[in-house]
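Engineer: I'd like to ask some things about the structure below.
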Amino acid sequence: MDNQNISMNLPTPTEETPAWFLGSVAKCIRTLQTFTVSQPEWSLTQLSRELSISKSTMVNILKTLETFGYIQKLPNSHYRLGIELLEMSYHIRASLPILHYAIPIMEEIQRQSGQIVYLTIPKKGRAFYLQSVNPGNRNISYSITGRCTPMHCSSCGKVMLSEMPENMVDLIINTWGLPRFTTTTVTDRDALKAELQIIRERGYALENCEEFPNVKGVAVPICSSNRLLGALSLTGSVLGMPDENMVQFATLLSNGANLLASNAELFPTCDPYP
């Protein structure tokens, strides 16, 4: 799943490629996009085959990226992403205006709920995690900042889907599918659409151990002038998120979402659809 459509963000060089399109830069970007959590290491031969790039060109790309610290070569001659990308990630997050405004709001929600708070946005038909605020006494190993996940299996993803036109929901399903992660993951198109209608009427989405076992969630949309900006969600264990608390949690999130929606201009812009 991580490697699906790795080049979908970039034009494929053809006779209709725009004049501004630089094939060499595109090949570098596609190379970086190939490295994922599920496959963090690649050999030269694997990369050449995966990207349909000749070995001689692939060597030059890797050496160039290695020079700038974006790729590192391992003793076994395989390649991994370089730590320079971590520094770039820090600069990106530090420069996002919405985070400076959102973090205090999220911290207050976390204080009142005792659960993990996430701020997400729609990105290419998936849920992109911009920021999280965690309880100080927990070591959280899932849904970290910068992660991009399918929409159908999380409260934040489903609540964002509920604000999208039906044809765009179909496009997202057709592009990414409805993979199963747990026994409760919704993998049927009609069942998902029925749940989305309930979410629209209710105003919030629930997650019942659909991406990770023993993890529940609740989320509300962040919208401004009929524009979907993102979602605000709470996630916790089954014991920490009893059903009787969900309405209270949803109200808490809605208050925060309204404050964030009043600063729509601070949200990063990206294409929400594949």
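The values are calculated or read from the model by the stated rules, or taken from the named source; none is laboratory data. Treat the numbers as computed from the prediction; the structure is a model and nothing was measured. Please note: Cβ atoms are built from the backbone with ideal geometry, for glycine as well, and neighbour counts cover all protein chains shown. Each accessible area value is taken on the protein alone, full model and side chains, heavy atoms only, with ligands, DNA and RNA left out. Shrake-Rupley method; radii C 1.70, N 1.55, O 1.52, S 1.80 Å.
Engineer: Apply the Karplus parameterisation 6.51 cos²θ - 1.76 cosθ + 1.60, with θ equal to phi minus 60°, to every residue of region 234-245 and state each ³J(HN,Hα) to the nearest whole Hz, in sequence, with x for glycine and proline.
Structural biologist: My calculation for region 234-245 gives 10, 9, x, 6, 4, 5, x, 10, x, 4, 5, 9 Hz in order.
Engineer: Distance in nm between label sites at His91 and Ser38, each 7 Å beyond Cα in the beta-carbon direction?
Structural biologist: So the two model labels end up 3.1 nm from each other.
Engineer: What percent do you get for the relative contact order of the chain when only Cα pairs under 8 Å and 6+ apart count?
Structural biologist: On the way: 403 pairs, mean separation 44.1, N = 274.
Relative contact order comes out at 16 percent.
Engineer: Compare the Cα positions of Thr183, Gln39, Asn263 along the charge dipole of the chain (+1 at Cβ of Lys, Arg; -1 at Cβ of Asp, Glu; about the Cα centre) and return the one farthest towards the positive end.
Structural biologist: Gln39
Engineer: Hey, another quick one. State the label only: which of (i) 159; (ii) 214; (iii) 140 corresponds to volume of the Cα convex hull per residue in Å³ computed from the shown model?
Structural biologist: Entry (i).
Engineer: Asn258 to Leu22: extension gain in nm, 0.36 nm per residue of separation minus the Cα-Cα distance? Please list the in-between numbers first.
Structural biologist: Details: separation 236, 0.36 × 236 = 84.96 nm, distance 4.16 nm.
Here the answer is 80.8 nm.
Engineer: If you don't mind, another one. Can you find, among Ser56, Ala194, Gly23, the residue farthest towards the positive end of the dipole of the chain? Put +1 on the C-beta of Lys and Arg, -1 on that of Asp and Glu.
Structural biologist: Looking along the dipole axis, the top candidate is Ser56.
Engineer: Now a separate question. Using alpha carbons only, how many angstrom separate the centre of region 185-204 from the centre of region 207-274?
Structural biologist: Answer, in whole Å: 15.
Engineer: May I ask which of Lys27/Lys124; Lys124/Lys193; Lys73/Lys124; Lys124/Lys216; Lys63/Lys124 have a Cα-Cα span longer than 26 Å here?
Structural biologist: Values: Lys27/Lys124 20 Å; Lys124/Lys193 19 Å; Lys73/Lys124 30 Å; Lys124/Lys216 24 Å; Lys63/Lys124 30 Å.
Pairs exceeding the cut-off: Lys73/Lys124; Lys63/Lys124.
Engineer: Suppose all protein chains stay in the model; what accessible area per residue would a 1.4 Å probe give for the chain, in Å²?
Structural biologist: About 51 Å² of surface per residue is accessible.
Engineer: Now, a different point. Could you check the simple spin-label distance between Gln197 and Asp243, using points 7 Å along Cα→Cβ, in nm with one decimal?
Structural biologist: Here the answer is 2.2 nm between the modelled labels.
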